[in-house]
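One structure below.
The values are calculated or read from the model by the stated rules, or taken from the named source; none is laboratory data. Since this is a predicted model, take the numbers as computed values, not measurements. Reconstructed Cβ throughout: ideal geometry from the backbone, glycine too, with neighbour counts over all protein chains shown.
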Amino acid sequence: MAAASTAASTEVVDALRGSIAGDVIAPGGAGYDHARRVWNGVIDRSPAAIARCTSTADVVEAVRLARAHHVELSIRGGGHQVAGSAVVDDALVIDLSAMTGVHVDPVARTARVQAGARWRDVDRATQLFGLATTGGEVSQTGVGGLTLGGGLGLLQRAFGLACDNLRSIEIVTADGVVRTASASEHSDLFWAARGAGRGLGVVTSFEFGLHQLGPEVAAAQVVYPYDEAEAVMRAWRDLALTAPESVSPELVLWSIPPDPELPEDLHGMKVVMVAGLFAGDPAESVATLAPFKQLGTPLVDMSGTMPYADLQSSMDEMFPDGGRYYFKSHFLDELTDEAIAAIVSRDRDRPNPGSLIGIRTLGGAIDRVTPDESAYAHRGARFNLSIDVCWSDAADDEHVVGWARATWDATRQFSNGGVYMNFAGFEGEADVAREAVLGFDTARLERVLAEYDPTGVFSSAAQRP
């Protein structure tokens with residue numbers, strides 16, 4: 001659908017101000033520059049208007065008016081998506097950031113989460129009852145974007161992806177109707193929302209199944225010297241392939257951050273970090289986590305028992321709001337010695353200490369969800385390779401992003417062709433095909449989109465990778 005003209009935009013703003021309870025913010029208005037900002041400071045876009053919804057009723061009105069005036073839409077939940085898809089030039093932003101409620105039913109072990117919530121909101125509420133579900137590894141990550149794109153996290157092999165833990169969603173579709181989608185109601189819509197959820201409508205809340213975990217958890221966190229990188233990575237790979245599903249091993253080529261709890265003489269040093277959260281009783285974790293300490297010569301061992309919510313938020317300061325970010329990924333069916341050598345070779349030229357190359361182990365509960373249950377297309381992959389560049393000076397944009405893209409190209413030969421929706425670079429990148437993100441059988445998804453949005457109200461959002 002074509003973007004609105006200035007006249008149409010003005011009509012929509014006036015109509016919205018008369019019909020929704022939340023604020024409507026237009027260019028030149030108080031708070032506009034703040035409202036259009038998202039987590040990634042690279043993103044600098046100017047929407048035609050921002051409808052800060054406070055309820056599902058507000059969302060219905062915003063969708064209805066956008067459809068009537070042929071206005072392009074974007075949807076903001078937590079605003080944490082790296083590509084910045086929450087804001088689009090000359091579009092109407094349906095902003096859900098004021099809708100952050102979390103209601104936990106400890107008996108049913110479920111949580112109803114509004115779409116503007118972040119994972120710290122979920123963890124705070126669920127941990128009161130010693131319950132958790134797979135969520136983002138930075139606590140300020142938005143629940144909506146992460147879940148609709150799949151949802152990798154520290155608990156993924158034990159409990160599945162974030163989208164695998166969905167019981168139902170409430171969604172406003174293009175006709176302005178509020179629907180509940182679940183395995184038994186609008187099941188095709190629910191299928192699509194679990195891993196390919198962009199462009200289906202506006203999800204206003206999520207119902208998650210919860211698992212007994214916390215408040216204290218055991219985790220391995222061990223730092224190894226960089227000159228042992230290849231040997232440690234090979235040992236870690238072998239451990240990851242044989243580890244029980246109660247742990248989801250991770251490895252990061254990074255530099256030690258300026259954490260006051262770490263020795264100052266190590267700050268900024270390039271290292272290999274390995275980690276794994278034990279998804280069970282900490283008293284039963286020793287045998288599972290001990291091998292993480294035996295992959296080389298440890299420099300620092302931060303393993304131990306800690307509050308789950310603290311672990312989930314421990315990386316927040318490394319990824320501050322307003323920093324500059326670019327993430328790109330591959331799915332791998334195997335992590336060969338040749339792939340390890342290529343990754344380390346590229347990492348030697350990493351452009352700055354804040355950037356990293358990370359590898360997450362998949363499998364376990366992720367692979368027990370069938371294609372008929374979820375549109376997430378990357379079941380069966382063993383690893384996800386993520387190239388995350390983080391910097392602060394706009395003058396470094398070309399150099400830093402260029403390194404990430406070159407590293408992605410250099411490691412592409414080891415991938416299975418899949419790309420994680422939430423780590424797919426910036427929108428419109430020609431080297432990331434829609435099929436690589438959504439899978440090569442998109443016919444069912446297209447049928448769902450055609451059924452619930454026949455006139456293309458959300459078509460722009462659906463096309464963003």
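What to note about this one:
- Between R167, R120, the distinction of being on the phi < 0 side of the Ramachandran plot, among the basic types (K, R), out of contact with any helix residue (DSSP H, G or I) (no Cβ under 8 Å at 6 or more places or on another chain) and surrounded by fewer than 24 Cβ atoms within 10 Å (Cβ to Cβ) belongs to R167 only.
- When G304, G322, G364 are checked against the criterion of being of a type in the set (G, A, S), surrounded by 14 or more Cβ atoms within 10 Å (Cβ to Cβ) and either under 24 Å from the mean Cα position of the chain (by Cα) or outside the structural domain of A83 (by TED's automatic domain parsing) (or both), G364 stands alone in meeting it.
- Q140 falls short on exactly one of the conditions (1) in the same structural domain as R198 (by TED's automatic domain parsing); (2) over 14 Å from the mean Cα position of the chain (by Cα); (3) surrounded by fewer than 22 Cβ atoms within 10 Å (Cβ to Cβ), and that condition is (2).
- Sole exception among (1) more than 20 Å from L200 (Cβ to Cβ); (2) modelled with pLDDT of 90 or more; (3) buried (at least 20 other Cβ atoms within 10 Å of the Cβ) for F458, by number: (1)
Per-residue answers, yes or no, for (1) surrounded by fewer than 21 Cβ atoms within 10 Å (Cβ to Cβ); (2) modelled with pLDDT of 95 or more; (3) in a loop (DSSP other than H, G, I, E, B):
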{"position": "A2", "(1), (2), (3)": "yes, no, yes"}
{"position": "A8", "(1), (2), (3)": "yes, no, no"}
{"position": "A30", "(1), (2), (3)": "yes, no, yes"}
{"position": "W39", "(1), (2), (3)": "no, yes, yes"}
{"position": "I50", "(1), (2), (3)": "no, yes, no"}
{"position": "A57", "(1), (2), (3)": "yes, yes, no"}
{"position": "E61", "(1), (2), (3)": "no, yes, no"}
{"position": "R67", "(1), (2), (3)": "yes, no, no"}
{"position": "A86", "(1), (2), (3)": "no, no, yes"}
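- Against the list (1) more than 22 Å from the chain's Cα centre (by Cα); (2) more than 16 Å from W236 (Cα to Cα), the condition A341 fails is (2).
- Only listed residue being in a helix (DSSP H, G or I) and out of contact with any His (no Cβ under 7 Å at 6 or more places or on another chain), chosen from R350, R360, R346: R346
- One residue alone among A406, A375 is out of contact with any helix residue (DSSP H, G or I) (no Cβ under 7 Å at 6 or more places or on another chain) and not polar (S, T, N, Q), and that residue is A406.
- Set I43, I20, I50, I75: member being farther than 30 Å from A394 by Cβ and hydrophobic (A, V, I, L, M, F, W, C): I20
- Taken together, the criteria exclude E250 from residues that are outside the structural domain of G153 (by TED's automatic domain parsing), over 22 Å from V389 (Cβ atoms) and of a type outside the set (K, R).
- Set I75, I94: member being touching a helix residue (DSSP H, G or I) at 6+ places or on another chain (Cβ under 6 Å), outside any helix (DSSP H, G or I), surrounded by 23 or more Cβ atoms within 10 Å (Cβ to Cβ) and in contact (Cβ under 8 Å) with a residue 60 or more places away in the chain: I94
- G364 meets the stated requirement of being out of contact with any strand residue (DSSP E or B) (no Cβ under 9 Å at 6 or more places or on another chain) and at positive phi.
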